[in-house]
1. Farther than 15 Å from residue 309 by Cα, in contact with a strand residue (DSSP E or B) (Cβ under 7 Å, 6 or more places away or on another chain) and among the acidic types (Asp, Glu) - does that describe any residue in segment 330-353?
2. Residue 354 fails exactly one of the following numbered conditions: (1) in contact with a helix residue (DSSP H, G or I) (Cβ under 6 Å, 6 or more places away or on another chain); (2) charged (D, E, K, R); (3) more than 20 Å from residue 330 (Cβ to Cβ). What is the number of that condition?
3. For segment 239-274, which residues satisfy the criterion of being surrounded by fewer than 17 Cβ atoms within 10 Å (Cβ to Cβ) and either without any contact (Cβ under 8 Å) to a residue 24 or more places away in the chain or of a type in the set (Gly, Ala, Ser) (or both)?
4. Being within 30 Å of residue 205 (Cβ to Cβ), of a type outside the set (A, V, I, L, M, F, W, C) and under 31 Å from the mean Cα position of the chain (by Cα) is the requirement here; does residue 311 meet it?
5. Residue 369 fails exactly one of the following numbered conditions: (1) farther than 13 Å from residue 288 by Cα; (2) surrounded by fewer than 19 Cβ atoms within 10 Å (Cβ to Cβ); (3) of a type in the set (A, V, I, L, M). What is the number of that condition?
6. Considering only segment 294-398, give the strands (runs of 3 or more DSSP E) lying wholly within it that have at least 3 residues that are in contact (Cβ under 8 Å) with a residue 60 or more places away in the chain.
7. Which residue, of 110, 147, is modelled with pLDDT of 75 or more, part of a helix (DSSP H, G or I), assigned by TED's automatic domain parsing to the domain that holds residue 37 and out of contact with any Pro (no Cβ under 6 Å at 6 or more places or on another chain)?
8. Mind counting the residues in segment 89-129 that are surrounded by 14 or more Cβ atoms within 10 Å (Cβ to Cβ), over 22 Å from residue 17 (Cβ atoms), of a type outside the set (Gly, Ala, Ser) and touching a Leu at 6+ places or on another chain (Cβ under 8 Å)?
Amino acid sequence: MAEHPAYPVGLRLAGRRVVVLGGGQVAQRRLPALIAAGADVLLVSPEATPSVEAMADTGEITWERRRYADGDLADAWYALIATDDAGANQAASAEAERHRVWCVRSDDADQATAWTPATGHSEGVTVAVLTTDARGRDPRHTAAVRDAVVEGLRDGTLVAPHHRTRTPGVALVGGGPGDPDLITVRGRRLLAEADVVIADRLGPRDLLAELPPHVEVIDAAKIPYGRFMAQEAINNALIEHARQGRSVVRLKGGDPFVFGRGMEEAQALAEAGIPCTVVPGISSSISVPGAAGIPVTHRGVAHEFTVVSGHVAPDDERSLVDWPSLAGLTGTLVILMGVDKIGQIAETLVAHGKSPDTPVALVQEGTTAAQRRVDATLATVAGTVVAEEVRPPAVIVVGNVVGVGPAATRNPR
C-alpha cells in the first residue's frame with residue numbers, strides 16, 4: 001500500500017455515523033469539521049478536553065464515557081482513531097478493516113486506510129491537499145501548500161475567475177487607513193475580480209498597481225462633475241458602470257460608513273435598483289493611533305473614546321458636534337479631518353473646561369511609509385501644526401492616552 005498514492009475523494013457524511021475514539025487534542029481539532037459536515041458523531045472516550053466536552057453538552061456529538069470495545073465501528077461509515085492506547089488503536093483499526101470502514105489513525109498513518117488532508121475554505125471552495133508520495137509524507141509541507149492556496153484565493157493574488165455569469169453590481173469596499181496590507185481579505189478579493197474600480201484619494205493606492213490590465217481604474221477626484229455635485233457625480237458613475245453589466249468596486253479609505261459617505265452611495269444604488277455589497281474596513285480612527293503607539297482606551301486611563309469630524313469649525317452653524325459636552329468627557333477624543341481647524345477646536349475645548357495641558361498627538365499619513373507623529377498639548381497644538389508643517393491626512397488624538405506608550409514613540413513639542 002505504501003507504494004501507491006492516496007486517491008482523493010470528498011466524503012458526504014450528513015446523517016451518517018462517524019465514530020471518534022479519543023477525546024484529546026486530535027479530536028478537538030477534527031470534530032468541528034465533522035459536525036459542520038452534518039455527521040452523526042459518536043465519541044468513545046473515558047475523558048475529553050473541555051472544548052470537546054462542550055460539544056457533547058450542547059448536543060453536537062454523542063459522548064459515551066468509556067474505552068473502546070469491539071463492535072463500536074460496526075455501523076460506522078468513517079472512523080477517527082486518536083487514543084493514547086496503542087493496543088486499542090490497533091484493535092479498532094483491525095475492526096475497521098473487517099467492516100470496510102474508512103479509518104484515520106493519528107498515531108500511525110501508514111496503518112490507516114484513509115488520510116485526513118490539510119483543508120481550507122474560501123468563498124464556497126474547499127481546498128484539500130494530500131502528499132502524493134506515500135513514502136515521504138510531510139504534513140508541514142502539505143499544510144503550507146494549503147495555506148498558500150487559500151490565502152491566494154482570499155486576498156486575490158491567486159485569481160480564479162468565475163466562469164458562470166456574475167450578477168453586476170457595486171461593492172463599497174473600505175480600504176483601511178492606507179497600508180495595502182490592512183485591507184480586509186474580502187475587500188482584496190473583490191478588487192481582484194472587479195471590472196471597474198472607482199477609487200478615493202485616501203484609499204490604499206498601492207493596490208491599484210496590482211490590478212489586471214483590463215480593469216478600468218477611475219480616480220473619484222477626477223470624475224467630471226459638470227452641473228452635478230461631486231458626490232452626485234460619483235453616484236451616477238457607479239450606477240452607469242453597473243448598468244453596463246460590470247462588476248464595480250468603490251474603493252474608499254478607512255471604513256465606508258465612518259465619514260466616508262458610503263450610505264449616500266448605498267442609498268443611490270438602492271434607488272436605482274443596483275445590487276450593493278458593503279465591505280467594512282479598518283477605520284483610521286483606531287488604526288492610525290495604534291500604529292503610532294497610542295491606545296484609544298487603556299485601563300485606568302480612558303474607559304471611552306469618541307470619534308468626531310473636524311472638517312467644520314466649532315462656531316460654524318453647519319457643525320453637528322457638541323463641543324462643550326466633549327470638553328467634559330474624561331476619555332479619548334479622536335478627531336478626523338481637523339488639521340486646519342485644530343486651533344479653533346483646542347480653544348473651544350479649553351474654554352469649556354478642558355485642561356490646556358491635555359496631551360495631543362497628530363499622526364500624519366498613518367500606517368504608510370510617510371507616517372510621522374507630532375505631539376503637543378491643547379495650549380500649543382495650533383502653533384505646533386504650523387511650525388511642524390503638519391498636513392492632511394492626519395488623525396488627531398486628544399487625551400491622556402497620548403502619554404501611555406513608550407517614550408521612544410513620542411516626540412513632545
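1. Let us first name the residues in segment 330-353 that are farther than 15 Å from residue 309 by Cα, namely 330-331, 347, 350-353.
Going one step further and asking which of them are in contact with a strand residue (DSSP E or B) (Cβ under 7 Å, 6 or more places away or on another chain), we end up with 331.
Okay, now just the ones that are also among the acidic types (Asp, Glu), so none.
No, segment 330-353 contains no residue that is farther than 15 Å from residue 309 by Cα, in contact with a strand residue (DSSP E or B) (Cβ under 7 Å, 6 or more places away or on another chain) and among the acidic types (Asp, Glu).
2. Condition (3) is where residue 354 drops out.
3. 240, 245, 263, 267, 270, 271, 272, 273
4. Numbers: within 30 Å of residue 205 (Cβ to Cβ): yes; of a type outside the set (A, V, I, L, M, F, W, C): yes; under 31 Å from the mean Cα position of the chain (by Cα): yes.
Considered against the rule, which asks whether it is within 30 Å of residue 205 (Cβ to Cβ), of a type outside the set (A, V, I, L, M, F, W, C) and under 31 Å from the mean Cα position of the chain (by Cα), residue 311 comes out as yes.
5. Here residue 369 meets the rest and fails (1).
6. The qualifying strands (runs of 3 or more DSSP E) are 332-336, 394-398.
7. After applying the criteria, what remains is 110.
8. 1
The values are calculated or read from the model by the stated rules, or taken from the named source; none is laboratory data. Remember, predicted model here, so these are calculated numbers, not experimental data. Cβ sites come from the backbone with ideal geometry, for glycine too, and all protein chains shown count toward neighbours.
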